[in-house]
Amino acid sequence: MRIGICGAGVGGLATAYGLMSLGYEVDIFERASELRTTGAGFNLWPNAGRAIHELGLRDQYERISVKLDRYIELDSEGKELFSTDTSNWPQKYGAPAVGLYRPELAKMMVDAVGLENIKFDHDVASVENKGEKAVCHFTNGQSYEADAIIGADGINSKVREQLVGGVNFQPNELYAYRFRSIIKLDDVDVDPAAQTGFYDRGGWFSYIPIGMGKAYWFGSVSGAETFDDFVEFFRGWERTPIPETLDKTKPEALVKSPLQDVNGIPYKWTHGRITIIGDAAHPMIPDMAQGASQTFVDAQVIRDVFTSPKNVEDALKKYEKARREVASSVVKISQKGLFLGPYNVDPIAIRYENEIEPLTKFAQKN
Ligand SMILES: Cc1cc2nc3c(=O)[nH]c(=O)nc-3n(C[C@H](O)[C@H](O)[C@H](O)COP(=O)(O)OP(=O)(O)OC[C@H]3O[C@@H](n4cnc5c(N)ncnc54)[C@H](O)[C@@H]3O)c2cc1C
């Protein structure tokens, strides 16, 4: 059986790897001309870790990730508001929360599937079910036929557009942008085994160790449109390491990402022999840092439903049944925002334990 995957992000590659390990013939199509080697840091949670272990990538994952043993939240004066020990999460949840460098994660996934198996410069224009096959058409005029097609083409998915039309995005009301970069871990006075966040009304800033002597920082400020606005907001936070970090951040190393709220996830993911995964299926605001974690779970479930499928349509329906309701809940949970935001939610580590982990148990029961 042959399966086509549109998009070579973490979701497309993890799904390809799972299907290849079952012996399927898999073709991966990517719009870009080459592998993306830029990017900042990433935070992945135990639910992602368990899926990655299940997919058979545990050793590679452990090599590139830094286990987070603590979550610490402080205020703008550097006074501790909250801290929790997460060092027992591998025993409790089967995998740790980790920080990692995004290009290392991309490289890990490409090494797993083989660079030669990715067809770059293939921009998906449309997809269709045709008899016993699914067909993908590219903007270069070429077409491709397979037994199933999986749309892993990210937040502005063309495959999703074909299946269910558009998804309504609106700029996030509180924080329009997330600013992010990488700094030397030695240059910042934070716990090297913790995610350390500084919060106040109107803005926040967080550090995560990501290995190779680096730390990832990321934050948002209400009303900040430019990096200068962002820097200005933190100028008075002198008892925190933030002003110095921002001084050391070179503008060319800065990543500025718009934050968009989504008005409900697509009402269905699967049509015949075509389905969607990852951000194509469940775009979400990154406040719970769950987008990629959920995407790895999608990949694992796709692998599971294709282990001994009755037929392709049935396998894809089973995948959607196992994942859509859970992912929809995670999208809603993510929309409640962050600690000290307007919804008075708990710190993220507590929310992971209380709100995200129970969904895993729910999914297993179904
Ligand atoms: C600011 C920010 C911070 C985040 N932090 C975290 C975090 O810490 N932890 C976490 O778990 N998640 C985080 N996320 C979410 C995470 O980045 C996504 O959920 C994850 O990348 C989704 O993976 P994906 O494979 O579905 O999509 P993507 O990674 O976007 O990959 C999609 C791929 O498809 C390709 N493509 C697009 N269109 C086409 C086309 N027409 N034809 C062919 N190829 C196409 C793209 O080039 C790309 O390679 C964050 C997101 C943002 C915006």
Exercise. Around LYS214, which amide H atoms from residues at least 5 apart in sequence, or from another chain, sit under 5 Å from its own amide H, with H modelled in the peptide plane?
Worked result: LEU185
Seminar exercise, completed: If unit charges are put on Cβ atoms (+1 for Lys and Arg, -1 for Asp and Glu) and the dipole of region 82-209 is taken about its Cα centre, the option from ALA146, SER126, GLN170 lying farthest towards the positive end turns out to be GLN170
For this session: Could you go through region 229-246 in sequence order and give the Karplus-derived ³J(HN,Hα) for each residue, using 6.51 cos²θ - 1.76 cosθ + 1.60 with θ = phi - 60°, rounded to whole Hz, and x for Gly and Pro?
Result: 4, 4, 4, 4, 4, 8, 4, x, 8, 5, 8, 10, x, 5, x, 5, 4, 5
Seminar exercise, completed: On the accessible surface of region 103-243, probed at 1.4 Å with all protein chains in place, carbon and sulfur together account for a percent value of 45 percent
Exercise. Once the whole set of protein chains is in place, how much accessible area is left on VAL66, using a 1.4 Å probe, in Å² to the nearest 10?
Worked result: 30 Å²
Exercise. Which of LEU105, LEU13, LEU316 moves most in a GNM of the chain, Cα contacts under 10 Å?
Worked result: LEU105
For this session: Pull up all non-local amide H partners of PHE339: gap of 5 or more, or a different chain, and H-to-H distance under 5 Å with H placed in the peptide plane.
Result: ILE348
Problem set entry | Test item: Cα-centred dipole of the chain, Lys/Arg +1 and Asp/Glu -1 on Cβ, debye | 980 debye
For this session: Scan the chain and report its longest stretch carrying no trypsin sites (Lys or Arg not before Pro) that are both in a DSSP loop and have at most 15 other Cβ atoms within 10 Å.
Result: 80-200
Exercise. If you roll a 1.4 Å probe over the heavy atoms of the protein chains, what accessible area per residue do you get for the chain, in Å²?
Worked result: 44 Å²
Problem set entry | Net length gained if the chain between ALA32 and LYS250 were fully extended (0.36 nm per residue, minus Cα distance) | 75.9 nm
Exercise. Can you give the longest stretch of the chain with no exposed loop site, where a site means GluC sites (Glu not before Pro) in a DSSP loop (not H, G, I, E or B) with at most 14 other C-beta atoms within 10 Å?
Worked result: 239-366
Exercise. Ordering SER87, SER308 from largest to smallest accessible area (1.4 angstrom probe), what's the sequence?
Worked result: SER308, SER87
Problem set entry | Other-chain or far-sequence residues with amide H under 5 Å of ILE28's (modelled H) | ILE5, LYS119
Exercise. Could you give the distance between the Cα centres of region 7-84 and region 105-145, to the whole Å?
Worked result: 22 Å
Exercise. How many lysine pairs in region 204-304, separated by 8 or more positions in sequence or lying on different chains, have Cα atoms less than 20 Å apart?
Worked result: 4
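The values are calculated or read from the model by the stated rules, or taken from the named source; none is laboratory data. The structure presented is a predicted model; accordingly, all values stated were derived computationally and were not measured. Methodologically, a virtual Cβ is constructed for each residue, glycine included, from the backbone with ideal geometry; neighbour enumeration extends over all protein chains shown. Side chains are part of the model used for accessible areas, which takes the heavy atoms of the whole protein and leaves out ligands, DNA and RNA. Shrake-Rupley method; radii C 1.70, N 1.55, O 1.52, S 1.80 Å.
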